[in-house]
Amino acid sequence: MTQGAANTPGLRNFDWVMIALILAISLQGLLQVYSSTRDTEFQSAYSLHAVWLGLGLVAFWLLSAVDYHSLADASPVLWLVCVAALAAILLWTDPVNGSRRWLPTPFGVSIQVSEVTKLALVLVIAKYCSRIAPRPAEHRVAGDSAGRRRSARAAPPSSLRILVMVATVFVVPFVLVLNQPDLGTALSMCPILALPLLLSAARMKHIAVAAIVALLLLPVGWSVLKPYQKSRITSFLEPDKDPRSAGYQIIQSRIAIGSGGLWGQGVAQGSQTQLRFLPTPHTDFILASLAEERGFIGVAILLALFYALLARIVQTAKLAQDPQGTLIAMSVAGLLLFHVVVNVGMVVNKLPVTGLPLPLMSYGGSSLLTVLAMLGLVNNVRLRRFVN
Amino acid sequence: MTGPAESARGFARGRIVLFQCIAAALLAFLLLSFWELQGLNSLGYAAQAEENRVRSLPLLAPRGDVLDRRGRSLASSRVASSGLINAALARPGNLERIAARLGLDARHLERRIRDAQRFGRFGYIPLKERLSVAEIAFVEANRTDFPEVAILDETARRYSGSGVAAHLLGYVSEASTAELNSREFLLSGFGATIGKSGIEKRYNQWLTGRDGQLRRLVDSRGRSLETLSVTKAVAGKRLKLTIDLDLQVVAELGLNGRKGAVVALDPRNGEILALASSPVYDPNMFVEGMSTGEWQQVHADPQEPLLNRAIQGTWAMGSVFKPIHALAGLEAGVLDESFTVSCAGGLAHGGSYFGCHNRDGHGPVNLVQAIALSCDVFFYQLGQLLGIETIARYARLAGLGAKTRVDLPDEVPGLVPSTRWKVQTLLQPWHSGETIVVSIGQGAMSVTPIQAAHAIGGLAVGGTWHRPRLVSREQMAQIDPSARPAPPRRWDIDREHLELLRKGMWTVVNGAGTGRQARLADIEVCGKTGTSQRVSNETRLRYNRPEFEDDAWFVGFAPCEAPEIVVAALIENGKHSYHAAALVRDVLAVWTLHRNRSAPVDADRSLAAARKPLA
């Protein structure tokens, strides 16, 4: 699976359509970060955000440059480093705002290891799952003999071992992140496990069973939640019951969105955003701020851009030269969709407040960097769609 | 591309397509949610956003002053700093701290804020009136911590004196939730100060101004960014009463804290010159706000200081009823000037003995003497001749047993008993002995002091009863230009009969009568005393308790021939009617002083000249 230097794709082979979509979304994010932080203590956020955007594009390029097969081969080592770092954070750092998330480095920059871990997980899980993926011939080619089909149904002896391995690879960092505690990030790791499994291993019947089991486990999950997490969910269900504390964000978000109307109040004109009634208008609730100032039209354009980006990634997944590439692309698509749905659902009061940022939009370096790095992986897969 | 490559691209194709469909469905659903907020309900949310960013601060209009007939202030407004709290911004955690620093009850405050929200008031509501300097400093210093609290310079009601005219003025206080739901205060918003009783309640609308509004742009911390608009407050209008402060003060000093009331009015037009009730309270304490304990204390006080005895207290009328009773006899034709009864000190009837207040008997008395000496036996006889129905009919003609419809809230009608009344309310037949008791104003008959003044005053001016009023016709025309003044009630009485009554009542004061205490040198006073029993004489003498002592009445008018003022005084447990007579005399003395000084010289002379031949 090695590639000759002569075949290394150049910049002009990059997926410029995807890059255009990425820039269209993230520049709107940059504008909204600027608009929602004017005259506040965060007023320089947009320039920092621009720097992160630049760094993210570098990460995009870096993760496009090296063949994803090589990256996947190296990913177990990266995974080990991440897990060790997560453990170290839990053991040796002091909590900031009640949780341990940041690994200090000698260079004065702290790293949110959980984000890097996601990257490692995408590669590791895609790598292992691709091994249990049905052989293309079994899966697709018509006119095959019935005998070969039957042998495909009988799971190869190695696939159970691989499943256990995949589960372990996922559960260890998942539990570590959960203990930081960072429920939002931990939950956002789930699509990285779910999509490759759903695409490669599971049969539809098993998926249905898994969904039912998950539903049945919901009450158990409720009982292990911390009080503040419970209050987020109850206040999501009944925001007007406690309008001053937990329900405040939700109510103000609804007001901001609703008062935007069809065309919006105009950039830097939304009173909910500008007078800071809307909490965190440049991070988690950036879409509420955008909805207020740009209206339903602005939201529709943005969601259309997100859908176009997803569609482009899905197309890359279909074009990938092997299941591993498909799984990488679909992992990223799943992760992106999960983030968008959870954040937007929260903003319009259809899902509880989780504190997940809106990818490519919300202010915050680690989120932006991770998402762009992952999109770099997708570009990587597309660049190497041709089997040489 | 062939073979494996072609095959690889088919990997999990169906599920990938399914994923894309799910993604499209989810995003479409989310977009629909935005449409629900932005397309369908946009206006409602825009209003909420407006409510967020615009803070309206009320500019409270000062209440109109209340003046006496000479323009002296009875109630005015003065500047005070009030604390306001924004019901929408109030955070439960802050309330306790605010309440503690301002000396308020946190639970009570929470309830108020809930009430305000129930009444749809999400802006500022009164928190505490008349803040001290330390409290103002506390609020100013903690603006960022307590953005819900604001300070407003407003005017607060101030009643002059320590309770002068308290009952007739009434008091103002914050409207209760029940009052806000009533028709009367339909226009008042939550937290509005309204008149709770007396003049303040009756003329609330006239006295209340229109509040202004200051609209400011604020941020989420309540910091004011700019002023959007100012609507100035319109002050309430001035109300001039017919009360003469001097007479009022004399009446109140005369009562001197004893339970009782004094009403002075001009029988020619019904204008009330003094309306005093005792004991008094200080209405200022209601304005300042009292604790639950203080409130309960005032309401549970056995002296009932809040009761306006002049219009809400009823007592047996006693002998003051005798002129009315005598007139009934004259008009009904059962007696004339020469009708004479021999008083032997009492009357036996149906196995009971009804004594005269003079145990030795007055001997033979005619009508004028009977009034002058207040002979009970004469009226026992007359009552038996007339019967209860006739007595009741004439009593009602004189204005008893019905509200005088004075312009004060919560007046009570008193009672003129009759056969029908007894059967209907007590389910018992009328006994002829009761007629004897009613003949001298005792028994079930009860009147308010204002009724006593109103009834006797109407007789004194020849059978015309003007509705008592605290606001002159001229002032009333300003308040309600469409209101037609109620015409006086007239009763066509034989002049000769009235002259007999006047002679009797003249003798009470100026002859050998029971009311010599009321005599004045400068002016001729007519009147009638009354000493009404609270319990039987036997009980009173046996227990010797102050609350069993007789009530003292006196109703007098002056000048006798052409009355311009009638004064009724009642002192509960006052023992002797001459205490009441002295009180009426003092009021009349001050009135006379004013009359002689303030009337134009020419008119005064002509009046005096006109009166001389009559006197």
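Values quoted throughout were computed directly from the atomic coordinates according to the rules given, and no laboratory measurement underlies them. The structure presented is a predicted model; accordingly, all values stated were derived computationally and were not measured. Cβ atoms come from the backbone with ideal geometry, glycine included; neighbour counts cover every protein chain shown.
So for the stretch A:1-132, Kirkwood radius off the Cα pairs, Stokes-Einstein at 10 °C and 1.306 mPa s: how many µm² s⁻¹? Intermediate results must be reported in sequence, preceding the final value.
Details: Rh = 17.9 Å.
Approximately 89 µm²/s, per Stokes-Einstein.
Averaging over every viewing direction, what projected area does the convex hull of the Cα atoms of the stretch B:284-407 cover, in nm²?
Working: hull surface 46.7 nm².
In nm², the orientation-averaged hull projection of the stretch B:284-407 is 11.7.
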Can you list the lysines whose alpha carbon sits under 30 Å from that of residue B:403, skipping same-chain ones fewer than 8 residues off?
B:196, B:201, B:237, B:240, B:259, B:322, B:422, B:503, B:528, B:575
Can you tell me what percent of all Cα-Cα pairs in the stretch A:40-109 are more than 17 Å apart?
67 percent
Cys residues of chain B counted as unpaired, since no other Cys beta-carbon is under 4.7 Å:
B:21, B:343, B:356, B:375
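For the ranges A:324-336, A:16-28, B:378-390, B:81-93, what's the packing order if you count other beta-carbon atoms within 10 Å of each residue, average per peptide, and put the highest first?
Highest-to-lowest ranking by the protection proxy: A:324-336, B:378-390, B:81-93, A:16-28.
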For the stretch B:103-191, projected area of the alpha-carbon convex hull averaged over all directions, nm²:
7.8 nm²
Residue-wise, which Karplus ³J(HN,Hα) couplings in Hz belong to the stretch B:545-558, taking 6.51 cos²θ - 1.76 cosθ + 1.60, θ = phi - 60°, and x for glycine or proline?
9, x, 6, 9, 5, 5, 8, 9, 10, 8, 10, x, 9, 7
Where q = 0.10, 0.15 Å⁻¹, what log10 of I(q)/I(0) comes from the Debye formula for the stretch B:382-490, counting one point per Cα?
-0.36, -0.71
From the residues A:173, A:287, A:249, which one has its Cα farthest along the dipole of the protein assembly as shown in the positive direction, the dipole being from +1 and -1 charges on Cβ of Lys/Arg and Asp/Glu about the Cα centre?
A:173
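Mind checking Rg over Rh on the stretch B:361-400, alpha carbons, Kirkwood formula for Rh? Could the numbers behind the result be given before it?
Details: Rg = 11.5 Å, Rh = 11.0 Å.
Over the Cα atoms of the stretch B:361-400, Rg/Rh equals 1.04.
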Which whole-number percent gives the relative contact order of chain A, counting Cα pairs below 8 Å spaced six or more residues apart?
27 percent
Which lysines, if any, have their Cα less than 16 Å from the Cα of residue A:127, not counting same-chain residues under 8 positions apart?
A:118
Once amide H atoms are built 1.01 Å from N in the peptide plane, which residues 5 or more positions from residue B:75, or in another chain, come under 5 Å H to H?
B:66, B:160
For the stretch B:333-402, what D do you get in µm² per second when you plug the Kirkwood radius from alpha-carbon pairs into Stokes-Einstein at 4 °C and 1.567 mPa s?
100 µm²/s
Among B:132-144, B:261-273, what's the highest-first ranking by average C-beta atoms within 10 angstrom per residue?
B:261-273, B:132-144
Once phi for every residue in the stretch B:478-485 is put through the Karplus expression 6.51 cos²θ - 1.76 cosθ + 1.60 (θ = phi - 60°), the whole-Hz ³J(HN,Hα) values, with Gly and Pro written as x, are 6, 5, 9, x, 7, 6, 8, x
What are the residues whose amide H is under 5 Å from the amide H of residue A:283, where those residues sit 5 or more places off or on another chain and H is modelled from the backbone?
A:363
Give the cross-link partners of residue A:230 among the lysines, using a straight C-alpha distance below 23 Å as the criterion and excluding same-chain residues fewer than 8 apart.
A:241, A:350
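How long is the gain from residue B:227 to residue B:153 if the chain were fully straight, where each residue apart is worth 0.36 nm and the alpha carbon distance is subtracted? The partial results should precede the final answer.
On the way: separation 74, 0.36 × 74 = 26.64 nm, distance 1.73 nm.
Stretched fully, the residue B:227-residue B:153 segment lengthens by 24.9 nm.
Assigning unit charges at the beta carbon (Lys, Arg +1; Asp, Glu -1) and nothing else, what dipole magnitude in debye, to the nearest 20, does the protein assembly as shown show about its Cα centre? Walk me through the numbers on the way to the answer.
Details: 102 positive and 80 negative charges, 742 e Å.
Using only the charged Cβ atoms, the result is roughly 3560 debye.
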4 °C / 1.567 mPa s Stokes-Einstein diffusion coefficient of the stretch B:520-594, Kirkwood radius on C-alpha pairs, µm²/s:
99 µm²/s
In vacuo Debye sum over C-alpha of the stretch A:262-388, base-10 log of normalised intensity I(q)/I(0) at q = 0.11, 0.12, 0.13, 0.15 Å⁻¹, listed in q order, is -0.44, -0.51, -0.59, -0.73
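Let me have the 222 nm mean residue ellipticity of chain B computed from DSSP H runs of 4+ only, each contributing -39500 (n - 2.57), with the sum over all residues rounded to the nearest 500.
On the way: 25 runs with 241 residues, N = 615.
Calculated mean residue ellipticity at 222 nm is -11500 deg cm²/dmol.
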Evaluate the charge dipole of the stretch B:134-273 about its Cα centre and quote only its size in Debye, nearest 20, assuming +1 on the Cβ of each Lys and Arg and -1 on the Cβ of each Asp and Glu.
360 debye
Long-range amide H partners of residue B:155, meaning residues 5 or more apart or on another chain whose placed amide H is closer than 5 Å, are B:80
By Kyte-Doolittle mean hydropathy of at least -0.5 and Cα axial length of at least 30 Å, which whole DSSP H helices of chain B are selected?
B:13-35, B:577-598
Directionally averaged shadow of chain B, computed from the convex hull of its alpha-carbon atoms, nm²:
43.7 nm²
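When N is the residue count of the stretch B:7-111, what does its C-alpha Rg come to as a fraction of 2.2 N^0.38 Å? Intermediate values should be presented prior to the final figure.
Values: Rg = 30.2 Å, N = 105, 2.2 N^0.38 = 12.9 Å.
Ratio of Cα Rg to 2.2 N^0.38 Å: 2.34.
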Which number do you get for Rg(Cα) / (2.2 N^0.38 Å) in chain A?
1.03
Per the Debye formula with a single identical scatterer at each Cα and no solvent contribution, what log10 I(q)/I(0) holds for the stretch B:370-436 at q = 0.14, 0.19, 0.20, 0.26 Å⁻¹?
-0.54, -0.86, -0.91, -1.13
By the Kirkwood definition, with r running over pairs of different Cα atoms, the protein assembly as shown has a hydrodynamic radius in Å of 36.5 Å
Which ³J(HN,Hα) values in Hz, rounded to whole numbers, follow from the phi angles of the stretch B:364-375 under the Karplus curve 6.51 cos²θ - 1.76 cosθ + 1.60, where θ = phi - 60° and Gly and Pro get x?
x, 10, 9, 4, 4, 5, 4, 6, 4, 8, 6, 6
